[in-house]
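Shown next, in structure tokens, is the structure this report addresses.
Values in this text are rule-based calculations from the coordinates and carry no lab data. The structure presented is a predicted model; accordingly, all values stated were derived computationally and were not measured. Here the Cβ is made from the backbone with ideal geometry for all residues, glycine too, and neighbour counts use every protein chain on show.
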Amino acid sequence: MTQPDPDRLLTPEALEALPPQQTLLVDVGSAQRYAEAHIPGAVLVTPGELVDGRPPATGRLPELQRLNDLFSRIGLRPDLKVVAYDDEGGGWAGRLLWTLDVVRHDNWAYLDGGIHAWQASGRPLESKPNEPVPGRVQVEIHSGPVTEAEAIMQALARGDEDLLVWDARSAAEYRGERQAAARSGHIPGAVNLDWLELMDRDRELRLRRDLAELLAARGITPDKQVVTHCQTHHRSGLTWLAARLLGYPRLSAYPGSWSEWGNRSDTPIHTGAAP
């Protein structure tokens, strides 16, 4: 697939055309910004609801009960199409959509460009909160979209060339020049493509039109087993989403990310630029 799935990557016009009774619109961001302005009808999910929050690996999945509480609060149902957006180009929205994949709710989409694209289209915003219709939800966690540190280390130990680790952090973090854990650097063999490079700043932070070509130029191709990460699986929410929208068949994220890898003593680390 050379272009993102149009059923999952929505324009403001496509979002507006969805039947409201079958759509759950979710604003993923801070309560303060939501209170100031959000897309009409959107309910709020804060980033803290999507992560475990306990150091060192704060970005790991929350416990199952917390996920049940979250999805019960917003009234998740199998027949609802969840449309997520944020105000930062897709990191937190992607994190929510990845979580939906983890619980096998496949009926979802992303508003390309988020609130910025909506506002630039001339459509209105509102400030009044929307209270979701709660339900009773019991989800199950499925491991397909999740890769843990042990699996990566095992693949590295056997020289598995099928594995491609996509590091979504900055080049300075990748090279080990910027330290955000006990040890700095990158997972051996990882490909660095900063999440910011996926956004088009001239188009309200929409995904770049040449997304497939950009990934291919860095060797991030659909024939690989692609695992993406950042520091806490926030920025890699967007990189996961980009590859997911392009139909990458063997795609997952490492939620422990560098906050786990860099704070363990048994994980291999390289520093400097990629060879």
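For a footprinting-style exposure proxy, rank Thr147, Thr23 by other Cβ within 10 Å, fewest first.
Going from least to most buried by this count: Thr23, Thr147.
I'd like the trypsin sites (Lys or Arg not before Pro) in the stretch 52-154 restricted to DSSP loop residues with at most 12 other Cβ atoms within 10 Å, sorted by number.
Of the trypsin sites (Lys or Arg not before Pro), the ones in loops of the stretch 52-154 whose Cβ has at most 12 other Cβ atoms within 10 Å are Arg136.
Which order, highest average first, do 206-219, 245-258, 41-54 follow once you tally other Cβ atoms within 10 Å for each residue and take the mean per peptide?
245-258, 41-54, 206-219
Among the GluC sites (Glu not before Pro) in the stretch 99-190, which ones are in a DSSP loop with at most 13 other Cβ atoms within 10 Å of the Cβ? Mind listing them?
Glu140, Glu161, Glu177
Counting other C-beta atoms within 10 Å, which of Asp69, Asp194, Asp112, Asp106 has the fewest, and how do the rest follow?
With the sparsest Cβ surroundings first, the list reads Asp106, Asp69, Asp194, Asp112.
By counting other Cβ atoms within 10 Å of each Cβ, how are Arg175, Arg169 ranked from fewest to most?
Taking fewest neighbouring Cβ atoms as first place, the list is Arg175, Arg169.
Provide the percentage of antiparallel DSSP beta bridges, counting only those with both residues in the chain; round to the nearest 5.
15
Sequence-distant or interchain residues sharing an amide H contact under 5 Å with Trp108, placed H: which?
Val82
Quick check: from the Cα gyration tensor, does the chain come out rounded (a/c under 1.5), prolate or oblate?
prolate
Based on the alpha-carbon gyration tensor of the stretch 1-134 and its eigenvalue square roots a ≥ b ≥ c, which shape applies: rounded if a/c is under 1.5, prolate if not and a/b is larger than b/c, or oblate?
In terms of gyration-tensor shape, rounded.
Is the shape of the stretch 149-261 best called rounded, prolate or oblate, per the rule: a/c under 1.5 gives rounded, else a/b larger than b/c gives prolate, else oblate, with a ≥ b ≥ c the square roots of the Cα gyration tensor eigenvalues?
Oblate.
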